[in-house]
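*Asks:* Can you keep this structure in mind? I'll have questions shortly.
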Amino acid sequence: MHETYLWLASFAQTGGLLLFVLGFLLVVAYVFWPSKARKHDFDEAANIPLKED
């Protein structure tokens, strides 16, 4: 029972790490993938703090 718990715990930790790293890489790829439509949206979003109310 103890070995099963240790195996499942290490699998969950490793799987969780891989899942979050993969998710991070997907988000970075999405942001930096060249696309004219998204570039306009990202530039517009970047200027939101500079707008006057």
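Only the coordinates and a few stated rules stand behind these numbers; no lab work does. Predicted, not measured: the structure shown is a model, and the values here were computed from it. Here the Cβ is made from the backbone with ideal geometry for all residues, glycine too, and neighbour counts use every protein chain on show.
*Asks:* In degrees, nearest 10, range 0 to 90: what is the angle between the Cα axis of helix 2-32 and the longest Cα principal axis of the chain?
*Replies:* Its long axis makes an angle of about 10 degrees.
*Asks:* Then there's this: Please give the length that would be gained between LYS36 and ILE48 if that part of the chain were fully extended, namely 0.36 nm times their separation in residues minus their C-alpha to C-alpha distance (nm, one decimal).
*Replies:* Gain on stretching LYS36 to ILE48: 2.4 nm.
*Asks:* With the Cα gyration tensor of the chain in hand, convert its eigenvalues to equivalent ellipsoid semi-axes via √(5λ) and list them largest first in whole Å.
*Replies:* Ellipsoid semi-axes (Å, largest first): 42, 14, 5.
*Asks:* To continue, here is another question. I'd like the orientation of helix 36-46 relative to the chain: the angle between its Cα long axis and the longest Cα principal axis, in ° from 0 to 90, rounded to 10.
*Replies:* For helix 36-46, the angle is close to 90 degrees.
*Asks:* Are there any trypsin sites (Lys or Arg not before Pro) in the range 3-53 that are in a DSSP loop and have at most 16 other Cβ atoms within 10 Å? List them by number.
*Replies:* LYS51
*Asks:* Now a separate question. Testing the spin-label approximation: label points 7 Å from Cα along Cα→Cβ at ALA29 and LEU6. State their distance in nm.
*Replies:* The answer from the label model is 3.6 nm.
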